[in-house]
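The values are calculated or read from the model by the stated rules, or taken from the named source; none is laboratory data. Here the structure is a predicted model, which is why all the values come from computation and not from measurement. So basically every Cβ, Gly included, is an ideal-geometry build from the backbone, and we count neighbours across all protein chains shown. Quick note on the areas: whole protein, heavy atoms, side chains included, nothing else; ligands and nucleic acids left out. Shrake-Rupley method; radii C 1.70, N 1.55, O 1.52, S 1.80 Å.
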Amino acid sequence: MDSPFVIALLQTLSTPGLTRSEVVQETATRVSELTDGRHIPMAYGDASAIRILPLGVVQE
């Protein structure tokens, strides 16, 4: 698991109480920090379209 995005996302998701928008923003910030600014993720669209489901939940 050497992807800066995956590492940053997992670190961010371990922080309780964040809104979806905060998860997106914090993940982008962490990716930028992990890559010394070489990767600067951009978020497009509406974060409300993102669904974070508990492990094992199947969405129909």
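Among Arg30, Arg38, the order of accessible area from largest down is Arg38, Arg30, computed with a 1.4 Å probe on protein heavy atoms.
So how much slack lies between Ser32 and Phe5, counting 0.36 nm per residue of separation and subtracting their Cα-Cα distance, in nm? If you can, show how the numbers build up before the last one.
Values: separation 27, 0.36 × 27 = 9.72 nm, distance 0.93 nm.
Taking Ser32 through Phe5 to full extension adds about 8.8 nm, to one decimal.
Taking all protein chains together, Ile40, Ile7 sort by accessible area into Ile40, Ile7, largest first [probe 1.4 Å].
Here the simple spin-label model places points 7 Å from the Cα toward Cβ, and for Thr15 and His39 these points are separated by 1.8 nm.
Our coupling estimate for region 26-31, obtained by passing each phi through the Karplus curve with A = 6.51, B = -1.76, C = 1.60 and θ = phi - 60°, is 5, 4, 4, 4, 5, 4 Hz, Gly and Pro reported as x. Take Asp2: with every protein chain present and a 1.4 Å probe, its accessible area is about 140 Å².
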